[in-house]
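Report on one structure; see the data block that follows.
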Amino acid sequence: MLSRVIAVSASGLKSTAPLGAGLVQASRSLHTSSPSLAPVPALPEGGKVRHGILPEEFFQLLYPKTGATGPYMLVTGLSVWLLSKELYIINHETVAALTVGTVFVLGVKKFGPSFASAVDKMEEEKVAWIEEVKDQAMACYADAIEEEKKEQWRVEGRSMLFDAKRNNVSMLLETNYRERLHHANHEVKRRLDYQLALQHLKVRMEKEHMVNWVEKNVVGSITAKQEQESIAKCISDLNVLAKKIQTEATA
């Protein structure tokens with residue numbers, strides 16, 4: 001069962017190798033030397049074991065010299081030598097250790113598969129969660145790339161926008177210049193019209209004054225006798241004109 005836990009832990013570390021590589025590279029950025037961009041190799045998987053804790057390499061190492069039973073004889077002979085030399089003395093602690101070991105082995109045999117399946121399930125959930133986090137991160141990075149491309153496209157159109165703004169500013173300056181010219185022309189024309197109207201008023205006033213002066217002097221120079229003679233002359237002219245019109249009408 002312990003071998004199963006070791007193997008599951010090793011496979012979990014292998015599945016999370018990209019995340020571990022990212023953490024290692026992030027820690028390397030703290031050093032002054034230039035970081036290596038080479039990918040971190042995956043951790044090796046656990047090898048085969050015998051009897052739950054003894055690696056298979058130990059048996060393969062002794063097999064060419066001692067055969068298949070060599071490791072077992074080595075362990076047995078070493079145990080007998082330790083007991084014969086009284087380097088290890090059997091006491092109550094030995095019995096307790098054998099009892100605990102037996103209980104441990106029985107517990108592993110009975111509860112090991114269910115515990116291993118629970119560990120596998122936890123590991124699968126962990127791997128699924130890591131994959132989900134990775135997918136979300138990749139989606140965020142993809143969105144960021146699309147936004148960056150959109151911003152680059154906007155930057156490419158910035159020159160056109162600036163040209164349009166320059167044209168608008170030039171048109172505004174031209175409009176303001178023409179408005180100022182029109183205002184100056186209007187003000188100059190208004191002042192010239194005022195001067196012309198002032199001159200016309202002066203001439204009209206001079207004429208009216210001259211006419212009034214002449215009329216006043218002429219009226220003042222006519223006497224009463226001259227006025228009666230003028231009236232009589234007018235009446236006679238009217239009579240002559242009336243007779244002439246009657247003669248023309250009868251003819």
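The values are calculated or read from the model by the stated rules, or taken from the named source; none is laboratory data. Keep in mind that what you see is a predicted model, and the values were worked out from it rather than measured. In this analysis, Cβ positions are derived from the backbone assuming ideal geometry, glycine residues included, and neighbour counts consider all displayed protein chains. Note: areas computed on protein heavy atoms with side chains; ligands, DNA, RNA excluded. Shrake-Rupley method; radii C 1.70, N 1.55, O 1.52, S 1.80 Å.
When region 119-144 is limited to residues that are β-branched (V, I, T) and farther than 24 Å from V108 by Cβ, the one that is surrounded by the fewest Cβ atoms within 10 Å (Cβ to Cβ) turns out to be V133. Report the residue count in region 201-232 for those that are part of a helix (DSSP H, G or I) and modelled with pLDDT under 85. Total meeting the criteria: 16. Residues in region 81-105 that are open to solvent by 100 Å² or more (accessible area, probe 1.4 Å), at pLDDT below 85 and in a helix (DSSP H, G or I): there are none. Of all residues in region 153-178, those being part of a helix (DSSP H, G or I) and open to solvent by less than 100 Å² (accessible area, probe 1.4 Å) number 13. Taking the criterion of being assigned to a helix (DSSP H, G or I), of a type in the set (A, V, I, L, M, F, W, C) and touching a Lys or Arg at 6+ places or on another chain (Cβ under 7 Å), would at least one residue in region 111-123 satisfy it? Yes, there is a match, as at least one residue in region 111-123 is assigned to a helix (DSSP H, G or I), of a type in the set (A, V, I, L, M, F, W, C) and touching a Lys or Arg at 6+ places or on another chain (Cβ under 7 Å).
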